[in-house]
Protein chains: 2
Amino acid sequence: MKDLYPSRIKGMPSILERKDPIIHNSTKEDGPLQRKELDFYEENGYLFMENFFSFEEVKVLQQELKRNMNDNKSSHQPYVVRETGGDEIRSVFDVHNNDEFFHNLSSHQRIVEIAQQLLGSQVYINQSRINFKPGFKGKDFYWHSDFETWHMEDGMPNMRAVSCSIILTDNYSYNGPLLLIPGSHRYFVQCVGETPENHFEQSLKMQNIGVPDHDSINWLLEKGGRIDSATGPAGSVLFFESNTMHGSNSNISPMPRSNVFFVFNSIENKLVEPFANISPRPEFIANRTNIKPIDPKPFDINKKKVLLQQ
Amino acid sequence: MKDLYPSRIKGMPSILERKDPIIHNSTKEDGPLQRKELDFYEENGYLFMENFFSFEEVKVLQQELKRNMNDNKSSHQPYVVRETGGDEIRSVFDVHNNDEFFHNLSSHQRIVEIAQQLLGSQVYINQSRINFKPGFKGKDFYWHSDFETWHMEDGMPNMRAVSCSIILTDNYSYNGPLLLIPGSHRYFVQCVGETPENHFEQSLKMQNIGVPDHDSINWLLEKGGRIDSATGPAGSVLFFESNTMHGSNSNISPMPRSNVFFVFNSIENKLVEPFANISPRPEFIANRTNIKPIDPKPFDINKKKVLLQQ
């Protein structure tokens, strides 16, 4: 398969034009998003929906996140990622496969139908995780495009995936909210450096390879004109395009940040061999076997019950 | 001299009531600040004045900051502090003594008269520095009270000092602005741990000792009700009380942050022996010899000229 987006190169990096649509053959008739929302996503590469889930739903989601972390307290499963130099759980991956509640949440009609509308096809989950970022010592995360990693290390051929972050704690400007460069999804920034085998073991905690250079970030920022912060109350949901340049500052404030994170990929964009010359990353980071399109179902979060199709 | 604010203790830290006034016997008749501004400072422990200096003045100040850093490029003076693991200059200390322009700025009537009004006496400069925080990799700085350090390591007896930060680059919410806990200046948070000799060599780059515990920060935040960010355009000036709890997050954005920083201390609050059982820190960090009150003079920043007294 032709590599549309070569990266991890030697020498000087280039900025390439995006070769895929942003919204894939969809209109407002194809899903819950309105024209205005589709336009915002198309232009900026993300869509922030305040109070998407109700106060009561957020309370249940927070409880389930804690319950899951507690379930995994003594787990030695590779999908449980702990803080560097500590025993605290930072993230639990693959929750759509290993946890019934989060499996049902990942198939919830309310979010899946948005992903389908944006990607113009049926979708499946490429990666999922719940994140708990403690207060006082939340680390920063440098600028990156998720697609660059997914393309090089997982073999995602095209830009036809969308991340959905369900925000479970209030995100203030000062507790390390996600920062995004609007419009950056229209350009592919090549990164310099070869990818070592088993790079993921480090990169889940800190990015080293697959890091864009300063000049490219400056260029994107000049194009985009600003940095946006995903701030808002718990229960808000952020959809952002696979290639949108994003990162976050540290968090010295006492307020922790928790979220649930689903990556929806188009069923027409299944993973192939990684475009970096390495073995694929493990299944809990990038699903590649037994891929089936999600059958979206209404999910009553308060009752933790999947409803019968109307 | 009695130690009003014991710290660096063994065992459990306490939170002590402040024993000094916040505004020292002054009214709006004693200086340029209005009643409303004095009240805000009294209640919150800081005062942010937008566009205090004009666009033209800011340009000159930025040029002089660069000129000073350039002058010090190959300097081995201890007052030139470089980035950890790099050669770049992070701060130049003692600029009110070693640089004519910044000496004149530090005596500028417009700022000195505010310090005099807040401290209710003549003032002198206890510490000065210019700071250049690069974009992309600005580190975070954990919560601290400056007074706790000045008291323990420099021997400042009372809370009767005010910091003045002249902001020379736009401070956005996402490029690591100063964060403050309003009202925290009313309480002294004891810190745990003994102070090693020559602690300052490390602490100018990163705080380890003199760090408040999580419970105390949570307590202050509950009292204060919020975290405030010192965001605003270049040319704004922040005055903050010696004991106001503050810190800053990292800065992954490309926007650097530069400022000029003067600590005004009351002439009636001169340094004594450090309250931690250590030798005093060097003169470039804490002035203790040849202390004379500042004679405030109008300074024409654009012409770089001290004006004759009217």
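Going residue by residue through region B:268-278, is there one that turns out to be open to solvent by 10 Å² or more (accessible area, probe 1.4 Å), modelled with pLDDT of 95 or more and either within 14 Å of another protein chain (Cβ to nearest Cβ) or in a strand (DSSP E or B) (or both)? Among the residues of region B:268-278, not one is open to solvent by 10 Å² or more (accessible area, probe 1.4 Å), modelled with pLDDT of 95 or more and either within 14 Å of another protein chain (Cβ to nearest Cβ) or in a strand (DSSP E or B) (or both), which makes the answer no.
The requirement of being open to solvent by less than 10 Å² (accessible area, probe 1.4 Å) and more than 10 Å from chain B (Cβ to nearest Cβ) is fulfilled somewhere in region A:216-228, by at least one residue.
For A:ILE285, are the conditions met, namely being modelled with pLDDT under 95, away from chain B (no Cβ under 14 Å) and either over 25 Å from A:VAL112 (Cα atoms) or not in a strand (DSSP E or B) (or both)? The answer is no for A:ILE285.
Within region B:191-201, is even one residue in a helix (DSSP H, G or I), more than 10 Å from chain A (Cβ to nearest Cβ), free of Cβ contacts under 8 Å to residues at least 12 places away in the same chain and open to solvent by 10 Å² or more (accessible area, probe 1.4 Å)? Reasoning before the result, please.
To start, the set of residues in region B:191-201 that are in a helix (DSSP H, G or I) comprises B:200-201.
Subset that is more than 10 Å from chain A (Cβ to nearest Cβ): B:200-201.
Imposing the further condition that a residue be free of Cβ contacts under 8 Å to residues at least 12 places away in the same chain reduces the set to B:201.
Checking which are open to solvent by 10 Å² or more (accessible area, probe 1.4 Å) leaves us with B:201.
Yes.
Can you run down the residue pairs with Cβ atoms below 6 Å, 6 or more apart or on separate chains, where the first is in region A:56-68 and under 15 Å from A:ASP300 (Cβ atoms) and the partner is surrounded by fewer than 16 Cβ atoms within 10 Å (Cβ to Cβ)? From residues that are under 15 Å from A:ASP300 (Cβ atoms), the pairs are A:GLU56/A:ASN302; A:VAL60/A:ASN302.
Report, by residue number, each residue of region B:15-43 that is under 20 Å from the mean Cα position of the chain (by Cα) and more than 17 Å from B:PHE147 (Cα to Cα). Answer for region B:15-43, where residues must be under 20 Å from the mean Cα position of the chain (by Cα) and more than 17 Å from B:PHE147 (Cα to Cα): B:LEU33, B:GLU37, B:LEU38, B:PHE40, B:GLU43. Counting only strands (runs of 3 or more DSSP E) that sit completely within region A:20-137, those holding 1 or more residues that are open to solvent by less than 20 Å² (accessible area, probe 1.4 Å) and in contact with a helix residue (DSSP H, G or I) (Cβ under 8 Å, 6 or more places away or on another chain) correspond to A:46-49, A:89-93, A:123-133. Going by the conditions given, is B:GLN207 in a strand (DSSP E or B), more than 21 Å from B:PRO21 (Cβ to Cβ) and either at pLDDT 95 or above or within 14 Å of chain A (Cβ to nearest Cβ) (or both)? No. Can you tell me which residues in region B:219-267 are in a loop (DSSP other than H, G, I, E, B) and hydroxyl-bearing (Ser, Thr, Tyr)? B:THR231, B:SER236, B:SER242, B:THR244, B:SER250, B:SER253, listed by residue number. Contact list please: Cβ distance under 7 Å, first residue in region A:233-260 and within 20 Å of A:LYS59 (Cα to Cα) and away from chain B (no Cβ under 14 Å), second residue open to solvent by less than 10 Å² (accessible area, probe 1.4 Å) and assigned to a loop (DSSP other than H, G, I, E, B), pairs at least six apart or on different chains. What qualifies is A:ALA234/A:LEU168; A:GLY235/A:PHE53; A:LEU238/A:ALA230; A:SER258/A:LEU168; A:ASN259/A:LEU168; A:VAL260/A:LEU168. Scanning region A:139-188 for residues that are open to solvent by 10 Å² or more (accessible area, probe 1.4 Å), within 14 Å of chain B (Cβ to nearest Cβ) and assigned to a strand (DSSP E or B) turns up A:PHE141, A:TYR142, A:HIS144, A:ASN171, A:LEU178.
Each residue in region A:246-264 was checked for being open to solvent by less than 10 Å² (accessible area, probe 1.4 Å) and within 23 Å of A:ASN198 (Cβ to Cβ), and 1 pass.
The values are calculated or read from the model by the stated rules, or taken from the named source; none is laboratory data. Treat the numbers as computed from the prediction; the structure is a model and nothing was measured. Don't worry about glycine lacking a Cβ; one is built from the backbone with ideal geometry, like all the others, and counts go over all protein chains shown. Each accessible area value is taken on the protein alone, full model and side chains, heavy atoms only, with ligands, DNA and RNA left out. Shrake-Rupley method; radii C 1.70, N 1.55, O 1.52, S 1.80 Å.
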